[in-house]
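Visitor: Have a look at this one.
The values are calculated or read from the model by the stated rules, or taken from the named source; none is laboratory data. If you're wondering where the values come from, they're calculated on a predicted model, not measured in any experiment. Ideal geometry is used to build each Cβ from the backbone, glycine not excepted, and the neighbour counts take in all protein chains shown. Just the protein is used for accessible areas: all its heavy atoms, side chains included, with ligands, DNA and RNA removed. Shrake-Rupley method; radii C 1.70, N 1.55, O 1.52, S 1.80 Å.
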Amino acid sequence: MTMGDLDNTSSERIFYFDIDNCLYSPDLGIHHLTRARIYAFGKEIGMDSASVVDTCSSYYKDYGLTVRGLINHHGIDVAEFNKKVDGDLPLESVIKPDPALRQMILSIKTRRWAFTNAGIDHARRVLKCLQIDDLFEGITYCDYTEPDFPCKPERRAYEKVMEESGVKDSQLCYFADDSVSNVKTAKEIGWTTVLVSKLPPSTSATTDFHITTIHELPKVLPQLFM
């Protein structure tokens, strides 16, 4: 996107879509497959087998992403991590095209942007599996090679996606994500938020809307689909 393009779109509404466990159902088990590979990787780099699960969980809690903890405390080879974790996931055999999702996203009357904590290769694979990879202007992702890279729910990550998409007014921003903490930060900075989760409904302090699948989006924001 050029600077001229950014100027032209800065006053338009934009919808930021999380990818994993949001655009596809968490029931597919991708999260469990990912965790199993992270634990295996941790053991490979010398983490104690008896504590690897707890250690990785603490990294996720403290840093927002387990890989950030692995980078900070173990100096891992990021390329090797990508190869043995995200790159090893059988996405193409698990995630299938979703024509209904494609039609829903096509019908939304806003700009469309993917906003993920995953790396770019994983993000592109998932979107391609769903056959919606051509529907987004851009993807804001985590670059694991960047020192102290920002990730949701850190406010820096939201500032980054607004900058990359050329948006200055938070009131123009809409956001769907399966993480309570991620939508909470977005709501705090003024975005209109949609929590996509089968968990019990959250309070209005956490999110503006709560749906169980992304396909229900038009039900809570019909004005964006008129």
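Visitor: Have a look at 140, 193, 66 and tell me which one the Gaussian network model of the chain (Cα, springs below 10 Å) gives the largest fluctuation.
Guide: For the chain, modelled as a Gaussian network with Cα springs under 10 Å, the answer is 66.
Visitor: Which percent of the accessible heavy-atom area of segment 81-164 goes to carbon and sulfur, probe 1.4 angstrom?
Guide: 49
Visitor: Roughly how tilted is helix 52-63, in degrees to the nearest 10 and between 0 and 90, from the longest Cα axis of the chain?
Guide: Result, in degrees: 40.
Visitor: Three principal axis extents, largest first, for the C-alpha atoms of segment 79-149, in Å?
Guide: 38, 29, 13
Visitor: Moving on to the next point. Need one number: nm distance between label points at residue 79 and residue 169, each 7 Å from Cα along Cα→Cβ, rounded to one decimal.
Guide: 4.5
Visitor: Also, quick follow-up: Report, in degrees rounded to the nearest 10, the 0 to 90 angle that the Cα long axis of helix 30-44 makes with the longest principal axis of the chain.
Guide: Once rounded, one gets 30 degrees.
Visitor: Right, another one. Across segment 1-128, how large is the tail of the calculated P(r) beyond 25 Å, expressed as a percent of all Cα pairs?
Guide: 38
Visitor: What do you get for the angle between helix 155-165 and the principal long axis of the chain? Use alpha-carbon atoms, 0 to 90 degrees, nearest ten.
Guide: Helix 155-165 sits at roughly 50 degrees to that axis.
Visitor: Given a 10 angstrom Cα cut-off, can you work out which residue in 178, 134, 98 is the most mobile in a GNM of the chain?
Guide: 134
Visitor: A further question on this structure: Exceeding 31 Å between C-alpha atoms, which entries from my cross-link table qualify? They are 83/160; 84/187; 83/109.
Guide: With Cα atoms farther than 31 Å apart: 84/187; 83/109.
Visitor: Stokes-Einstein at 37 °C, 0.692 mPa s, Kirkwood radius from Cα pairs: D for the chain in µm² s⁻¹?
Guide: 180
Visitor: To one decimal place, what Kirkwood hydrodynamic radius in Å is obtained for segment 107-202 from all pairs of distinct Cα atoms?
Guide: 14.1
Visitor: Lys/Arg Cβ at +1, Asp/Glu Cβ at -1, dipole of segment 63-137 taken about the Cα centre: which of 94, 120, 104 is farthest positive-ward?
Guide: Checked the options; the winner is 104.
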